[in-house]
Amino acid sequence: MTSEPIEAYGGMRFPASVLRSFADQANGEAFPWHADHDLTKPVRIRDFVIFTHDRSDGVTELRFRAEMHPDDVHLMGTRPGMSATVMSPLPRDENLPERPDAPFRLSADHAWFDDEALIAAEEKIISLGVPGSHLLVQRAYQFAWAPDPQIFMEISGNVLLSVGASALWDAIKLLFRRRRTPPGGVATKATTINFDITDGQRSLRAVVKTNDPEVARRAIESLDSVASEFAKAVPPVEEAAGSPAETLTWDDPSRRWTPPG
């Protein structure tokens, strides 16, 4: 993240003062890391330290130091920088209290999906029986050179089983229909839909990447069985903090969710 304008988000930028404030607040916090903004590629780190650097051209950068798990080094390779995914309230919600424990959270990258698309999806979810008080809808910003078309949904296993996976598709297909291509974006790029199914401290991630609505529908409507198995599973022995969630990806030819290969 830098203080440079970001074309994909209409030229929005972070003043240097905001970056410095973020660095001060972020140190000591735990952040999930992934390669290429891809939630199927978690990276384990520790001793994370973030700080700002003022370049000679007047741009302020966020920089960091961290120790990476040796088994994850191959995911990073040689990269010119790192970027962050940040969730932000819709303008209508900016003055409302924060709800970090909402059991149903939906967000989508703001360069690809506008607020009206998110609100339409929200209205569909509420019409299917999810109380508005349980639902948190936000913009997602991927502060990268070219953000990807991504949709993020975090939902408790109990809520998913009560509303049914077909209800999720009814909402997400509205986002699919209203996808737009931002400046610098590639119109044919596949949409990535990320589901995090939670149960207390446990979580299961399911990711489908496609531009075909029928593939997305088949994947999402198969989540009921995934959620049922997740609910019945015996919780694993406590692992070290920062261990990545179990992840599944959709294999459409076999019509099933599988570990990423």
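The values are calculated or read from the model by the stated rules, or taken from the named source; none is laboratory data. Nothing here was measured: the structure is a model prediction, and the numbers come from that model. Don't worry about glycine lacking a Cβ; one is built from the backbone with ideal geometry, like all the others, and counts go over all protein chains shown.
Restricting attention to segment 68-88, does a residue exist that is assigned by TED's automatic domain parsing to the domain that holds Ala26, surrounded by 14 or more Cβ atoms within 10 Å (Cβ to Cβ), farther than 27 Å from Tyr9 by Cα and of a type in the set (A, V, I, L, M)?
Within segment 68-88, one or more residues are assigned by TED's automatic domain parsing to the domain that holds Ala26, surrounded by 14 or more Cβ atoms within 10 Å (Cβ to Cβ), farther than 27 Å from Tyr9 by Cα and of a type in the set (A, V, I, L, M).
Does segment 48-65 contain any residue that is modelled with pLDDT under 90, surrounded by 15 or more Cβ atoms within 10 Å (Cβ to Cβ) and not in a strand (DSSP E or B)?
Taking every residue of segment 48-65 in turn, none turns out to be modelled with pLDDT under 90, surrounded by 15 or more Cβ atoms within 10 Å (Cβ to Cβ) and not in a strand (DSSP E or B).
Spot the failing condition for Ile125; the list is (1) part of a loop (DSSP other than H, G, I, E, B); (2) within 19 Å of the chain's Cα centre (by Cα), and only one is missed.
(1)
Name the residue that is surrounded by the fewest Cβ atoms within 10 Å (Cβ to Cβ), counting only residues in segment 12-42 that are of a type in the set (Phe, Trp, Tyr) and at pLDDT 75 or above.
Phe22
Going residue by residue through segment 114-124, is there one that turns out to be more than 16 Å from Asn211 (Cβ to Cβ) and touching a Phe, Trp or Tyr at 6+ places or on another chain (Cβ under 6 Å)?
no
Can you say whether Phe176 is in a strand (DSSP E or B), over 30 Å from Thr2 (Cβ atoms) and among the aromatic types (Phe, Trp, Tyr), as far as the supplied structure shows?
The answer is no for Phe176.
Would you point out which residue out of Arg99, Arg105, Arg92 is farther than 17 Å from Ile197 by Cα, in the same structural domain as Leu204 (by TED's automatic domain parsing) and at pLDDT 90 or above? First the steps, then the outcome.
Values: Arg99 fails: at pLDDT 90 or above; Arg105 fails: farther than 17 Å from Ile197 by Cα.
Just a single option satisfies the conditions, and that option is Arg92.
Just one of (1) touching a Phe, Trp or Tyr at 6+ places or on another chain (Cβ under 8 Å); (2) at pLDDT 95 or above; (3) buried (at least 22 other Cβ atoms within 10 Å of the Cβ) trips up Tyr141, so point out which.
Only one criterion is unmet by Tyr141, namely (2).
Would a scan of segment 164-171 turn up a residue that is surrounded by fewer than 21 Cβ atoms within 10 Å (Cβ to Cβ), in contact (Cβ under 8 Å) with a residue 60 or more places away in the chain and not in a helix (DSSP H, G or I)?
Checked segment 164-171: at least one residue is surrounded by fewer than 21 Cβ atoms within 10 Å (Cβ to Cβ), in contact (Cβ under 8 Å) with a residue 60 or more places away in the chain and not in a helix (DSSP H, G or I).
Just one of the numbered conditions (1) under 19 Å from Asp115 (Cβ atoms); (2) outside any loop (DSSP other than H, G, I, E, B) is not true of Pro182; which one?
For Pro182, the exception is condition (2).
With (1) assigned to a loop (DSSP other than H, G, I, E, B); (2) modelled with pLDDT under 95 as the list, and Ser254 as the residue in question, which single condition is left unmet?
Of everything listed in (1) assigned to a loop (DSSP other than H, G, I, E, B); (2) modelled with pLDDT under 95, Ser254 misses just condition (2).
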